[in-house]
Amino acid sequence: MKQPNDEQDTLPDTKESAAPGSRREERDTEYRRRILATASDLIERRGTECVTMYQIAQEAGVGQGTLYRRYAHLGEVCSDLMQTTVDTFLQSLGESVAEADPSTPAMRQLSDIISLSIDFIDQKASLLHTIHSMYVEKKSHTIYQKPFFRTMHDLLQPLLARAVEQGEIRDIDIPLTVNTLLVAVSPNQYLYHRDVLGYDKKRFMEGICRIFVKGL
């Protein structure tokens, strides 16, 4: 397939009835749709480790310049693919915490969140791993600054604080405990235990809960 260039990968001309800004937005929206649809298909068929930016541009029918103006690397493409899914997941977690019976022990809620998070990571591990790997060396995008990490931190810290206040657990360093827990259930950790050490999801989940729920 001939690689399109930036002069060739424009959308078909339409009558200039819309404002230039609106036409440009429509074009950008269509580029994004094509790029993400192609990336999703390639990742599903080949796995993230076998997909390149060149392949995405070629199969989406856009120039590499067009692609790189929107996404600096594959991690950003994966991030865009994941954004809606992640937002929905985090919203559901937040609602489950907010709507929980006030008498529900905080540590039981923590255990439920850990289980749901590991289920989510198991389903999306390949994409999440790619996102993490592309950003890990960039100081401005450390794991602690990512929206997912910050939102999870904001959910978990009040639970542990309530558990201490209500005497469910002894007094602990809450920020350090939450940070350590979130690193422990990161996609890289999960994939290492699953793919290298041979853990299944149940064993990994039980181990994390043993340390961070029963252990506290």
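Taken together, the values in this text are just the output of simple stated rules run on the coordinates, not laboratory data. Given the structure is predicted, the values throughout are model-derived calculations rather than measurements. Cβ placement follows ideal geometry from the backbone for every residue including glycine, while neighbour counts extend to all protein chains displayed.
What is segment 20-70's relative contact order, in percent, from Cα pairs under 8 angstrom and six or more apart in sequence?
On the way: 22 pairs, mean separation 16.5, N = 51.
Computed over segment 20-70, the figure is 32 percent.
Each of the peptides 87-94, 63-70 was scored by the mean count of other Cβ atoms within 10 Å over its residues; in descending order, highest first, they stand as 63-70, 87-94. The label-point distance for Arg32 and Leu216, in a model that sets each label 7 Å from Cα toward Cβ, rounds to 3.7 nm.
Its alpha carbons considered, segment 82-214 gives a radius of gyration followed by a Dmax of 14.8, 43 Å. Annotation: the residues Met107, Met82, sorted from fewest to most other C-beta atoms within 10 Å of their own C-beta, follow the order Met82, Met107. The residues Ile114, Ile211, Ile35, when put in order of fewest to most other Cβ atoms within 10 Å, stand as Ile211, Ile114, Ile35. Would you be so kind as to identify which of Phe149, Asn188, Leu93 lies farthest towards the positive end of the dipole of segment 82-214, taking Lys and Arg as +1 and Asp and Glu as -1 on Cβ and the Cα centre as origin? Highest projection toward the positive end goes to Asn188. This ranking places His193, His153 by how few other beta-carbon atoms lie within 10 Å of each, fewest first, which gives His153, His193. For segment 75-135, dividing the convex hull volume of the Cα atoms by the residue count gives 79 Å³ per residue.
Evaluate the relative contact order of segment 82-214 (contact order divided by residue number), counting alpha-carbon pairs under 8 angstrom at least 6 apart; express in whole percent. Display every interim value, and only then the final one.
Details: 84 pairs, mean separation 44.7, N = 133.
Answer for segment 82-214 is 34 percent.
For the pair Ser96 and Asp195, a Förster radius of 45 Å applied to the C-beta separation gives a FRET efficiency near 0.95, rounded to the nearest 0.05. Distance from the C-alpha centroid of segment 146-190 to that of segment 21-62: 36 Å, rounded to the whole angstrom.
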